[in-house]
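Here's the structure we're looking at; comments come further down.
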């Protein structure tokens with residue numbers, strides 16, 4: 001009997017642990033770390049969670065307050081029932097989160113942004129980026145004149161390092177390093193590198209290869225290019241956002257640290273439809289002719305690339321869309337804008353899931369339902385990342401990923417997460 005009681009007790013604890021994990025995951029999905037508001041407009045929330053928010057600012061007003069009275073510079077709301085918040089000024093405010101109103105569980109932020117109207121994108125763009133430093137892709141051995149092989153950079157340089165300077169001289173292009181190595185011959189050279197955001201200096205001694213050149217035995221890259229989709233242009237600031245996700249190096253898998261970048265028109269040559277297990281792709285080229293620049297990239301982040309458009313190429317006569325914050329997004333019908341055929345068109349999708357607590361670019365799960373788009377692309381394909389998501393007449397996000405096993409389905413990011421990167 002004692003043995004059975006221990007087994008039952010173990011199963012009970014296992015069940016309780018599972019329930020606790022489920023509740024934690026459900027809370028994480030339903031509760032964001034940051035609530036966004038638009039200055040001068042009430043934000044409506046309905047989380048149905050047994051938590052209380054105490055906001056430390058008299059600038060934020062709430063429609064549901066609790067007693068006893070709080071100091072003048074604080075407001076408190078009960079999340080078990082619908083409530084609204086409103087703030088007149090942009091900024092960021094601190095708030096405490098408590099369970100049942102008295103058990104502290106953490107902090108959260110209230111962010112207030114200006115009322116913004118955006119020109120939605122949907123048109124494919126060519127993206128050319130120049131890295132901030134010379135990216136190390138890996139090390140490799142090379143043949144020596146006397147026979148055998150060597151790799152001087154092995155165990156000194158690592159994949160993902162950025163070479164910033166050679167013997168104290170800044171380098172901007174691969175050719176700078178190649179020239180410096182040839183000049184050094186077999187003399188040691190000092191490389192200033194950035195590794196995981198920390199700068200350090202390492203020493204490598206080149207060796208003469210079988211073809212007579214001097215090498216370090218390292219593969220490097222200083223630029224990259226590709227096709228994506230612009231999400232929006234902010235006509236008030238001239239800023240743009242695109243892709244909805246960051247650009248990573250295809251060989252290292254690491255997000256690129258960039259120095260600069262340029263947007264160009266993209267000529268889409270063909271569409272490879274997506275299939276289960278094989279994502280499709282927009283196949284195209286960058287139109288990098290003189291005076292074709294559409295804009296300049298300033299940031300590469302987890303929520304996309306951002307920068308400034310060329311004002312002379314900005315068509316401000318296009319329809320402006322208000323920003324729809326995550327609390328306004330709901331399951332059901334929505335649309336995306338795509339222009340891979342030369343004309344931007346609106347295609348139907350369904351929003352299947354909403355993760356209000358998402359801190360990444362996968363807060364919205366979507367399914368393509370438009371038969372015409374399915375016939376053309378098989379669903380979501382590479383190159384469509386950044387396509388604006390519209391719902392109830394507002395721009396609410398951007399397509400970011402396709403599910404490899406099901407190209408009809410994919411993820412999107414919330415538009416405020418993109419705007420916050422500007």
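Derivation of every value follows stated rules applied to the coordinates shown; laboratory data play no part. Worth saying up front: this structure is predicted, and the values here are computed from it rather than measured. When we count neighbours, we look across all protein chains shown, and the Cβ atoms used for this are built from the backbone with ideal geometry, even at glycine.
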- line: Taking 299-310, 262-273 and ranking on average Cβ neighbours within 10 Å, highest first, one gets 299-310, 262-273
- line: Residues 231, 224, 213 in order from fewest to most other beta-carbon atoms within 10 Å are 213, 224, 231
0 to 90° range, to nearest 10: angle between helix 2-30 axis and the chain longest Cα axis: 80 degrees
- prompt: So how much slack lies between residue 420 and residue 109, counting 0.36 nm per residue of separation and subtracting their Cα-Cα distance, in nm?
  reply: 110.6 nm
task: For the chain, set up a Gaussian network in which alpha carbons nearer than 10 Å are linked by springs, and say which option among 332, 148, 410 fluctuates the most.
output: 148
statement: Site residue 406, offset 7 angstrom along Cα→Cβ, radius 18 Å on amide nitrogen, limited to the stretch 347-370, gives 348-355, 362-370
- line: Under the 7 Å Cα-to-Cβ spin-label approximation, residue 155 and residue 330 lie apart by a distance in nanometres of 6.4 nm
message: At R0 = 41 Å, how high is the FRET efficiency between residue 319 and residue 254 if r is their beta carbon distance? Nearest 0.05 is fine.
response: 0.60
- line: Rounded to the nearest 0.05, FRET efficiency between residue 48 and residue 288 (Cβ-Cβ, R0 51 Å) equals 0.45
message: Quick check on packing: order 43-55, 396-408, 126-138, 277-289 by the mean number of other C-beta atoms within 10 Å, highest mean leading.
response: 396-408, 126-138, 43-55, 277-289
statement: The extension gain from residue 213 to residue 94, computed as 0.36 nm times the residue separation minus the Cα-Cα distance, is 36.9 nm
query: Can you pull the semi-axes for the stretch 141-216, root of five times each eigenvalue of the Cα gyration tensor, sorted largest first, whole Å?
result: 22, 14, 10
- line: By Cβ neighbour count within 10 Å, fewest first, 209, 387 rank 209, 387
message: Quick check: pseudo-label points 7 Å beyond the Cα along Cα→Cβ at residue 296 and residue 276, how many nm apart are they?
response: 4.9 nm
message: For the stretch 276-376, what are Rg and Dmax over the alpha carbons, in angstrom?
response: 16.7, 45
query: Beyond 25 Å, what share of the Cα-Cα pairs of the stretch 91-236 remains, rounded to the nearest whole percent?
result: 53 percent
- request: May I ask for the angle, rounded to the nearest 10°, between helix 174-184 and the longest principal axis of the chain, with both axes built from Cα atoms and the value confined to 0 to 90°?
  value: 40 degrees
statement: By Cβ neighbour count within 10 Å, fewest first, 352, 293 rank 352, 293
statement: Computed on Cα atoms only, the convex hull of the stretch 220-272 has an orientation-averaged projected area in nm² of 5.3 nm²
query: Using the C-alpha atoms of the stretch 326-422, what convex hull volume per residue, in cubic angstrom, is computed?
result: 100 Å³
statement: Short to long, in 20 Å steps from zero, the percent of alpha-carbon pairs of the chain per bin is 22, 43, 29, 6, 0
